[in-house]
Amino acid sequence: PWSWDVNVAFSRSRAEQTNTGSYNVRRINEALGDPAACAAIAGCVPLNLFGGEGTITPEMLAFIQPVVRDESENKLSLFTANLTGDLVQMWAGPLSFAAGYEYRKYEGSYTPDPITVAGEYNGVPSGATSGDYDVNELYVEFNVPLMRDGWLGRSLDLSIAERYSDYSTFGGESTGKIGLRWQVADELLLRGSVAEGFRAPSIGELYGTLSRFDATLVDPCSGAGATLPACVADGVPPDYTQTNSQISVVTSGNAELQPETSNSLMLGAVWSPAFAAGAAWSDRLDIGVTFYRHTIENAIQAPDAQAILERCVFQADPVACAAYDRSDRGQIVRFDDILD
């Protein structure tokens, strides 16, 4: 028998985050400044921090503690069609078959409050993000019975699967899987598989705008390191000493990202002892053990900022050296750490 299955789905989620209670440094300065200048600013209420108990009014707090609204939205459109059935009758049972097509479209956006964008809410600026991509996929799977009630045991089945994915962002990718299921006896099952996989970059990883964070870094050019050839070439003064271990690092998405890829190995066994089947204390008992090994290549992440510094100073890596700039006193004043 053959079976058709068609599914069309649409989902959409929206989230709005409202934050209050964090002081806006710019507004504090405006409220503490010239009262005449404050009066020219909409909503500004002059603030006196030393007026004693009760002098800070709710109106003053309302101006320096603004309501910050950040919004995010995600939408997924999905269409799938599947066909399953038995192709032929083999010596150990039917050769089963499944194939299908799937279309997905992802759309997402993040709209931070202007105060968040300026970095005046929590001191960490964050930009707006929006983007979309779609994917077409085809897959086919076979279940091949190799043995039934033979000298090797109760049954032996081979499974083979292949999937092709075509992304609008980076192109096509094929992955496959081969698995073996061996029912040695009624009480013992052995199984294993090898598979390929990949993870496509998300909307945020592709289209995310600049966002800053403060990283704790040790500058190799500080102190005695100022005499290193790369530091001298970078214009670091001989008496340079790092004054602040926290360095502002800017990261963002990268529209040129390629997918992560993986190879996986799984080996396992399941023991179902007969004494636990239909017992007063158990309908069935399965004891399993599984070994997994996953190898991931081209993982999507921002490179370690400390490693970037050291590659530039000790290896003269031009890509690493281009990631940051120094002032004429040697202090790092720009540091870009983009996803790759």
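The values are calculated or read from the model by the stated rules, or taken from the named source; none is laboratory data. Everything numeric here is computed off the predicted structure, so don't read it as measured data. Glycine gets a Cβ as well: all are built from the backbone with ideal geometry, and neighbour counts include every protein chain shown. What goes into the accessible areas is simple: the full protein's heavy atoms, side chains included, and nothing from ligands, DNA or RNA. Shrake-Rupley method; radii C 1.70, N 1.55, O 1.52, S 1.80 Å.
Nothing charged except the Cβ atoms of Lys and Arg (+1) and of Asp and Glu (-1): what's the magnitude of the dipole of segment 258-340 about its Cα centre? Round to the nearest 20 debye.
The dipole of segment 258-340 has a size of about 220 debye.
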Completion exercise
Candidates Leu210, Leu138, Leu95; GNM for the chain (alpha-carbon contacts under 10 Å) flags as most fluctuating Leu95
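Using a probe radius of 1.4 Å on heavy atoms only, what accessible surface per residue do you get for segment 225-277? Whole Å² is fine. Display every interim value, and only then the final one.
Details: 2690 Å² over 53 residues.
Dividing the accessible area of segment 225-277 by its residue count gives 51 Å².
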Fill in the blank from the handout: Residues meeting the amide H criterion for Val333 (H placed from the backbone, H to H distance under 5 Å, 5 or more places apart or on another chain) are Asp325, Arg326, Ser327
Handout entry: Per-residue [θ]222 nm for the chain (sum of -39500 (n - 2.57) over DSSP H runs n ≥ 4, rounded to 500)
Key = -3500 deg cm²/dmol
Exercise for the section: In whole angstrom, note down how far apart the Cα centers of segment 182-251 and segment 273-340 are. Expected result: 8 Å
Fill in the blank from the handout: Once both label points are put 7 Å beyond Cα along the C-beta direction, the Ala128-Lys105 separation in nm becomes 2.1 nm
Fill in the blank from the handout: With label points set 7 Å from each Cα along the Cα-to-Cβ direction at Ser264 and Leu76, the distance between them in nm comes to 1.7 nm
Problem - the chain: relative contact order as a whole-number percent, Cα under 8 Å and 6+ apart - result: 12 percent
Problem - Local net charge near Ala307, Cβ-Cβ under 12 Å (Lys/Arg +1, Asp/Glu -1) - result: -3
Handout entry: Equivalent ellipsoid semi-axes, segment 123-251, via Cα gyration tensor eigenvalues times 5, rooted, Å
Key = 56, 24, 14
Completion exercise
Longest principal axis of the chain (C-alpha) makes with the long axis of helix 305-315 (C-alpha) an angle, in degrees to the nearest 10, of 80 degrees
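Could you tell me which trypsin sites (Lys or Arg not before Pro) in segment 282-313 are loop residues by DSSP with no more than 12 other beta carbons within 10 angstrom of their beta carbon? Please report the intermediate quantities before stating the final value.
Working: sites: Arg284, Arg293, Arg311; in loops: Arg284.
For trypsin sites (Lys or Arg not before Pro) across segment 282-313 that sit outside H, G, I, E and B with at most 12 neighbouring Cβ atoms in 10 Å, the list reads Arg284.
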Completion exercise
In the chain, taking the dipole from +1 charges on Lys and Arg beta carbons and -1 charges on Asp and Glu beta carbons about the Cα centre, the listed residue (Gly223, Tyr106, Ala118) farthest towards the positive end is Tyr106
Fill in the blank from the handout: Taking a ≥ b ≥ c as the square roots of the Cα gyration tensor eigenvalues, with a/c under 1.5 meaning rounded and otherwise prolate when a/b beats b/c or oblate if not, segment 261-340 comes out prolate
Exercise for the section: Please give the solvent-accessible surface of Cys221 in Å², to the nearest 10, using a probe radius of 1.4 Å with every protein chain present. Expected result: 0 Å²
Problem - With all protein chains modelled, accessible area of Trp271 [1.4 Å, Å²] - result: 110 Å²
Exercise for the section: Kindly sort Asp234, Asp34 by accessible area of their heavy atoms, largest first, with the probe set to 1.4 Å. Expected result: Asp34, Asp234
Problem - Alpha carbon convex hull of the chain, volume per residue in cubic angstrom - result: 278 Å³
